[in-house]
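The values are calculated or read from the model by the stated rules, or taken from the named source; none is laboratory data. Please read these numbers as outputs of a predicted model, since none were measured by experiment. Because the Cβ atoms are built from the backbone with ideal geometry, glycine has one as well, and the counts that use them run over all protein chains shown. Remember, those area values only see protein heavy atoms, side chains included, never the ligands or the DNA or RNA. Shrake-Rupley method; radii C 1.70, N 1.55, O 1.52, S 1.80 Å.
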Amino acid sequence: MKETMVQFCKDCLCEHPHRTAGTALGLLLGLAILLFGFWPVLFVALCCGIGWVVGSRMDRGEMHIAETIDELLYRWQNRR
């Protein structure tokens, strides 16, 4: 029985990787909403999205975290 399930999972991942990943992500998102509620899950997803954008910009060399923090602090201090 265990070997059959493992083979089924391997077949799904090999033949339909995006469909399998989307199903797994949907299952995890649904469980998270049921366990924690909509707004906390939305907040965590928003934080993950912001982290992904910042990380991808840093990987491409478009953004340096120290310079960005300095720029934000400079703007914040000049608004007062």
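Observations, loosely collected:
- The charge dipole of segment 9-80, taken about the Cα centre with unit charges on the Cβ atoms of Lys, Arg (+1) and Asp, Glu (-1), comes to about 260 debye, rounded to the nearest 20.
- Working note: Debye formula, equal point scatterers on the alpha-carbon atoms of segment 30-72, no solvent; log10 I(q)/I(0) at q = 0.26, 0.31 Å⁻¹ is -0.84, -1.00.
- Spin-label pair LEU13-PHE36: with each label point 7 Å from Cα along the Cα-Cβ axis, the two points sit 2.5 nm from one another.
- The eigenvalues of the Cα gyration tensor, multiplied by 5 and square-rooted, give the chain an equivalent ellipsoid with semi-axes of 41, 19, 8 Å from largest to smallest.
- Solvent-accessible area of segment 17-68 (1.4 angstrom probe, protein heavy atoms only): carbon and sulfur portion equals 76 percent.
- Where GluC sites (Glu not before Pro) fall in DSSP loop in the chain, at most 15 other Cβ within 10 Å: GLU62
- Cα centroid separation, segment 41-72 to segment 13-37: 25 Å.
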